[in-house]
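Inspection log for the structure reproduced underneath, given as structure tokens.
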Amino acid sequence: MRVMAHVGMVMNLDKCIGCHTCSVTCKQVWTNRPGTDYVWFNNVETKPGLGYPRGYEDQDHWRGGWTLDGRGRLRLRGGGVIRKLLTIFANPDLPSIDDYGEPWTYDYQHLFTAPLSEHDPVVRAHSRLTGRPTELRWGSNWEDDLAGAPATAPGDPNLRGIEEKVRLDYEQAFMFYLPRICEHCLNPSCVASCPSGAMYKREEDGIVLVDQDKCRGWRFCVSGCPYKKVYFNHRSGKAEKCTFCYPRIENGQPTICSETCVGRLRYLGLMLYDADRVEAAASVTDPAQLRQAQLDVFLDPNDPAVQAEARRAGIPDDWVAAAQRSPIWTLAVRYGLALPLHPEFRTLPMVWYVPPLSPVLDVADDPAGGDPDVVFHAIDRLRIPVEYLANLLTAGDAEAIRVVLRRLAAVRAFMRAQQVEGRVEDAVASSVGLAPRDLEALYRLLAIAPYEERYVIPPAHAERAARLEESVSTGCSVDYEDQFQASAAGYRLDMVQLQPRGSERAGPPPGPSDAPPPPATAPLFVWRDSAKPAGGNG
């Protein structure tokens, strides 16, 4: 067992109101620069819909993520070394600017300079790339509130196989919001796809970053990411992506999208996991079993044996204590309510989702006053088909979705009976395999949890940097044969040379008999020198 810590996020889709505050604040903090006009580290999509970039979920087209070869071994869907060498100057699997939507602004000056006329002046859209007038055809929020869905939603890959059941007529329409950021996967295909080794996964907290000094703009990370959350800055010629706001995380603060979320739907916390199990979990043959395989990778932070191994691995005690209070552990593992986005991509994502429930109670109307039989019968009559949610979150396992929705419905029925009618419905709790105190705990966490319970983030330990400097490998979770970053210890990252401590002090040059010690090596996720962190997009 090799214990490592990983920061993760859960989003409760039942609480997202589609206000896009998270997208705007992320844009202002991270991508409010030339060259990143079209870049949205955080975006909110309307489902059903094609998403951003257009149709990103269709890996038969984009060839992102992982697949299994004939012998059951993990291989990049986009091909290995030979294919990448053959396409290094003309990558055929990249989205175009039309798939993202050309960023635009408006000719506001025309409002001030237009002459007097019978009609009010109208501003025209101008491309932020060329400065010329442009026709608006697509964007990160094109399908918001179903405005564009009647024309585009039939192409949603999640509708495959259930087209007859899902009709997009006005009377039978359904929709919900899906906020998305980089998944910061346990098994990131973007890292394995990068020929230059610029993409890397931090050992201490699992955040995936880009070393701007090493990036050569090959863009295989863009095509390798199945979620299309790596972008290319056409001004700098470098790749950029969501950083999980790591400067804030290191100071015990939540990401900016979480901090400003109006619906309070985001949860942040640490997870302990066994790095030795990651490759086996990603290699499970049946895609429907990938979620359970990833759950088996996570370790119980309350287990004394796990705590002892964590200490031996150098994980601080306050991080273990934070993992015990983690809302991610509670929602994803203890109660099984949070689900990974497209586990069939085999990247083992660390941003999970609680599926939406609101349409269930609209259909149920609960005439039996909380009778679990009535509530659970409505699960298969909800406006959002169970099969659609299964294609999105459980690789087609509809029964797993039913279990989650039944528990969410039980929380509502139980708390309504308790707070409105003053009675305790033990039958509701037992029908979903939980105790009444469990439903009360879930109600508190999902509905009224305060700030410190939604975000359990221990500050980084600066003293760990010295230990990381002495490490000769990243300690990353997995290794793969014949991949660009493969090595015996994990993904291979080119090492940078660090001057020995004290070498910057002035003094006489060393004589022949006291030659300086050889320079130390360190992974790129630690300080490159005394003034600049090696990680990040800046």
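The values are calculated or read from the model by the stated rules, or taken from the named source; none is laboratory data. Fair warning: this is a prediction, and the values are worked out from it, not measured in the lab. Methodologically, a virtual Cβ is constructed for each residue, glycine included, from the backbone with ideal geometry; neighbour enumeration extends over all protein chains shown. Please note that ligands, DNA and RNA were not included when accessible areas were found on the heavy atoms of the full protein model with its side chains. Shrake-Rupley method; radii C 1.70, N 1.55, O 1.52, S 1.80 Å.
I'm checking my understanding of the structure. Among residues of segment 384-430 that are touching a residue at least 40 places away in the same chain (Cβ under 8 Å), more than 32 Å from the chain's Cα centre (by Cα) and surrounded by fewer than 22 Cβ atoms within 10 Å (Cβ to Cβ), which one is nearest to Gln294 (Cα to Cα)?
Ala427
Any chance you could count how many residues in segment 290-309 are in a loop (DSSP other than H, G, I, E, B) and of a type in the set (D, E, K, R)?
Within segment 290-309, the subset in a loop (DSSP other than H, G, I, E, B) is 299-303.
Then keep just the ones that are of a type in the set (D, E, K, R); that gives 300, 303.
Looking only at that region, the number is 2.
Would you kindly identify the strands (runs of 3 or more DSSP E) lying entirely within segment 123-232 that contain at least 3 residues that are modelled with pLDDT under 95 and within 27 Å of Arg33 (Cβ to Cβ)?
Working: elements: 125-127, 176-180, 199-201, 208-210.
In segment 123-232, 125-127 are the strands (runs of 3 or more DSSP E) which contain 3 or more residues that are modelled with pLDDT under 95 and within 27 Å of Arg33 (Cβ to Cβ).
Restricting attention to segment 126-170, which residues are more than 12 Å from Thr105 (Cα to Cα) and surrounded by fewer than 13 Cβ atoms within 10 Å (Cβ to Cβ)? Don't jump to the end; show me each part of the working.
Step one: list which residues in segment 126-170 are more than 12 Å from Thr105 (Cα to Cα), which gives 137-170.
Across segment 126-170, the qualifying residues are Arg137, Asp145, Ala147, Ala151, Arg160, Gly161, Glu163, Glu164, Lys165, Arg167, Asp169, Tyr170.
When the residues of segment 233-257 are narrowed to those that are charged (D, E, K, R) and assigned to a strand (DSSP E or B), which ends up nearest to Ser23 (Cα to Cα)?
Going residue by residue through segment 233-257, those that are charged (D, E, K, R) are 235, 238, 240-241, 248, 250.
Those still in the list that are assigned to a strand (DSSP E or B) too: 238, 240-241.
Details: Lys238: 22, Glu240: 16, Lys241: 14 Å.
Taking the candidates together, the pick is Lys241.
Tell me which residues, restricted to segment 408-449, are assigned to a loop (DSSP other than H, G, I, E, B) and farther than 21 Å from Asn12 by Cα.
Glu421, Gly422, Arg423, Val424, Glu425, Gly433, Ala435 - these are the residues of segment 408-449 that are assigned to a loop (DSSP other than H, G, I, E, B) and farther than 21 Å from Asn12 by Cα.
Please name all residue pairs, on different chains or six or more residues apart, with Cβ atoms under 7 Å, provided the first residue is in segment 1-28 and is free of Cβ contacts under 8 Å to residues at least 60 places away in the same chain and the second residue is crowded, with 17+ Cβ neighbours inside 10 Å and assigned to a loop (DSSP other than H, G, I, E, B).
Lys27/Trp40
Among the residues in segment 431-439, are any touching a Pro at 6+ places or on another chain (Cβ under 7 Å), within 18 Å of Gly336 (Cβ to Cβ) and either surrounded by 15 or more Cβ atoms within 10 Å (Cβ to Cβ) or at pLDDT 90 or above (or both)? Even if it seems obvious, please write down each step before you answer.
Within segment 431-439, the subset touching a Pro at 6+ places or on another chain (Cβ under 7 Å) is 431.
Pick out the ones that are also within 18 Å of Gly336 (Cβ to Cβ) and you get 431.
With either surrounded by 15 or more Cβ atoms within 10 Å (Cβ to Cβ) or at pLDDT 90 or above (or both) added as a condition, the list becomes 431.
Yes: one or more hits.
Do we have Asp99 as closer than 25 Å to Cys26 by Cα, among the charged types (D, E, K, R), modelled with pLDDT under 90 and under 26 Å from the mean Cα position of the chain (by Cα) here?
On the way: closer than 25 Å to Cys26 by Cα: yes; among the charged types (D, E, K, R): yes; modelled with pLDDT under 90: no; under 26 Å from the mean Cα position of the chain (by Cα): yes.
For Asp99, the condition - closer than 25 Å to Cys26 by Cα, among the charged types (D, E, K, R), modelled with pLDDT under 90 and under 26 Å from the mean Cα position of the chain (by Cα) - is not met.
For segment 270-280, check the following and say yes or no: at least one residue is under 24 Å from Val333 (Cβ atoms), open to solvent by 10 Å² or more (accessible area, probe 1.4 Å) and assigned to a loop (DSSP other than H, G, I, E, B).
No, the conditions are met nowhere in segment 270-280.
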